[in-house]
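Engineer: Take a look at this one; I'll ask things after.
The values are calculated or read from the model by the stated rules, or taken from the named source; none is laboratory data. What you see is a predicted model; the values in this text were computed from it and never measured. So basically every Cβ, Gly included, is an ideal-geometry build from the backbone, and we count neighbours across all protein chains shown. Only protein heavy atoms, including side chains, enter the accessible area calculation; ligands, DNA and RNA are left aside. Shrake-Rupley method; radii C 1.70, N 1.55, O 1.52, S 1.80 Å.
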Amino acid sequence: TAEDNTYLNKEQLEFSIAYLNEHHKTDVLLPFVKAFSDLGTTAIKKNAWIGGSYQIIDASITDITQDELCLDASIKQGEKIKTESVKVHLDSDPVAGMKRTYPTLPPCNPMHLNHASKQPIDNFVRRMNRLCNIVKAYSATGKMIQLGVQMGGKGVGKLNDDMYLNQVPHNRFVRKYFYDMASDAALDATILCSKKQFTNRMKMTVMFPEMNPSMDSYRIGTLLELARSIAIKLAEQNLRVRVCVQGSMGVGIFTGVPKQLNGVHTLLQRMDWESEPGEENDGMVGDYVRFGFVGKEHVINAQKSEKEGEPDVEQDDVFLLICPQNMIGLESSIIGSLSEMVDAAGDRPVILLNPDLVDKVSAQGQQSIRGRQARIDFASSFETMYQFQNIYYSGTSYFPILGSVVKLGPLEPWVAH
């Protein structure tokens, strides 16, 4: 019971049992019994001789502990119906004979669960959603999240519902909402990286309408404000942040920068960082926030001053790279200079903001053939620590907005709204 295992409280336990028994017998509980208990294996063996001779016709939850669902399953064998008690572990894998029908998924990392939320109801919802995904009860996963929210949980992937993203330009509170979420995720990932609990190669995709360069609603100021918010959030924790934009790429007269990044480096330095004397971020720019380009030569390491009286050079702690991307038609890829920069940074966090590292069409096929697998492997080495991306009917139609795919933190799950 809840008092014995200190998992769900009495109200959460009673409501969860009643809700699952009333609304999710056929799509969740019955598949759970078949996929994760020995009754499923027994049914396969007995039905191999005479199909339908052994049927699991009903299942209901009697208790929920920290590790298991306790269920009563009704079994019809011939004309007889009997009830058996079974237990399904919340981190179960499908039993023998069911693995082909229900391919398993990795169990939820306990450290990830505890980091995302310390509330047991959220822990229960996350583990239940894994089991639901294994038995292909996809429509039930959103209802499990709603169950957690209703029972006082933090809410897995919960978003505000008053953003009205079809209204462009967006309201200021909408922009600030995304800035705060992304900044918190960046700081969280940086802290986890320092504890060796998350990779130092990170990426975040923030693609609400004003941040999507393929839409006419794209606003460069929103991108710059987001970068500023992330940099200030990290600098407030005494971390020195290098904000970088890729420089000109190409050879000879065939050089240039992506249209999306044209003038960004200059605008970054000219925008208001409130870093002047007497302002809120007095002295932050130049000391804790610095600017640079993508390349190993812009990675600054700690150095002792050779001249007496001059301050030592402090190293960069975090690198924030704005929209690194390849360009159509150029025979050079951003991957080369980017990989050199990542190597020079060592184990320090490198955050890619809205990267586009796929190969593009080029005249001599350099971005299509030579070294392609190495570039793909390098791009894949960056792990998503935050994502918000709208869902549309197709890649060329941006209205109406059907929903979104989100990952609200480095150890948060992926959620489709």
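Engineer: Considering only residues of region 383-398 that are modelled with pLDDT of 75 or more and not in a strand (DSSP E or B), which is farthest from Leu353 (Cα to Cα)? Outline the logic, then answer.
Structural biologist: Pass one, region 383-398, residues modelled with pLDDT of 75 or more: 383-393.
Subset that is not in a strand (DSSP E or B): 392-393.
On the way: Tyr392: 22, Tyr393: 25 Å.
Among residues in region 383-398 that are modelled with pLDDT of 75 or more and not in a strand (DSSP E or B), the one farthest from Leu353 (Cα to Cα) is Tyr393.
Engineer: Moving on. Name the one entry in Lys304, Lys296 that is of a type in the set (D, E, K, R) and under 30 Å from the mean Cα position of the chain (by Cα). Explain how you work it out, then say what you get.
Structural biologist: Working: Lys304 fails: under 30 Å from the mean Cα position of the chain (by Cα).
Just a single option satisfies the conditions, and that option is Lys296.
Engineer: Working only within region 66-93, note down all residues that are closer than 30 Å to Glu11 by Cα, in a loop (DSSP other than H, G, I, E, B), open to solvent by less than 80 Å² (accessible area, probe 1.4 Å) and not acidic (Asp, Glu). Break it down stepwise before answering.
Structural biologist: Within region 66-93, the first condition is being closer than 30 Å to Glu11 by Cα, and the residues that meet it are 66-74, 83-93.
Among the residues that remain, those that are also in a loop (DSSP other than H, G, I, E, B) are: 66-67, 90-93.
Add one more test, that the residue is open to solvent by less than 80 Å² (accessible area, probe 1.4 Å), and what stays is 67, 90-92.
Passing the criteria: Leu90, Ser92.
Engineer: So which residues in region 137-164 are more than 18 Å from Gln12 (Cβ to Cβ) and out of contact with any Asp or Glu (no Cβ under 9 Å at 6 or more places or on another chain), if there are any at all?
Structural biologist: Tyr138, Thr141, Gly142, Leu159, Asn160, Asp161, Asp162, Met163, Tyr164
Engineer: Okay, moving on. Any residue at all in region 23-40 that's open to solvent by 50 Å² or more (accessible area, probe 1.4 Å), touching a residue at least 60 places away in the same chain (Cβ under 8 Å), over 23 Å from Arg100 (Cβ atoms) and in a loop (DSSP other than H, G, I, E, B)?
Structural biologist: no
Engineer: Right, here's the next one. For region 212-234: of the residues being surrounded by fewer than 20 Cβ atoms within 10 Å (Cβ to Cβ) and among the hydrophobic types (A, V, I, L, M, F, W, C), which is farthest from Phe291 (Cα to Cα)?
Structural biologist: Met215
Engineer: Checking the structure you have, find out if any residue of region 384-403 is among the aromatic types (Phe, Trp, Tyr) and closer than 21 Å to Leu187 by Cα. Even if it seems obvious, please write down each step before you answer.
Structural biologist: First pass over region 384-403, keeping only residues among the aromatic types (Phe, Trp, Tyr): 386, 388, 392-393, 398-399.
Now drop any that are not closer than 21 Å to Leu187 by Cα, which leaves 386, 388.
The answer is yes; a qualifying residue exists.
Engineer: Okay, next question. Residues being part of a loop (DSSP other than H, G, I, E, B), at pLDDT below 85 and in contact with a Lys or Arg (Cβ under 8 Å, 6 or more places away or on another chain): count how many of those fall in region 311-329. Walk me through how you get there before you give the answer.
Structural biologist: Taking region 311-329 and keeping what is part of a loop (DSSP other than H, G, I, E, B), we get 311-312, 314-317, 323-324, 326-328.
Next cut, at pLDDT below 85 only: 311-312, 326-328.
From what is left, the residues that are in contact with a Lys or Arg (Cβ under 8 Å, 6 or more places away or on another chain) are 312, 326-328.
Residues that pass the stated criteria total 4.
Engineer: I'd like to verify a number: residues in region 138-149 that are touching a residue at least 60 places away in the same chain (Cβ under 8 Å) and among the polar types (S, T, N, Q), how many?
Structural biologist: Qualifying residue count for the region: 1.
Engineer: Of these, Val149, Val156, which one is hydrophobic (A, V, I, L, M, F, W, C) and open to solvent by less than 30 Å² (accessible area, probe 1.4 Å)?
Structural biologist: Val156
Engineer: Just to verify a result, which residue in region 168-210, among those that are farther than 30 Å from Phe399 by Cβ and assigned to a strand (DSSP E or B), is least open to solvent (accessible area, probe 1.4 Å)?
Structural biologist: Met202
Engineer: Would you confirm whether any residue within region 203-215 is of a type outside the set (Val, Ile, Thr), more than 17 Å from Ile401 (Cβ to Cβ) and modelled with pLDDT of 95 or more?
Structural biologist: Yes.
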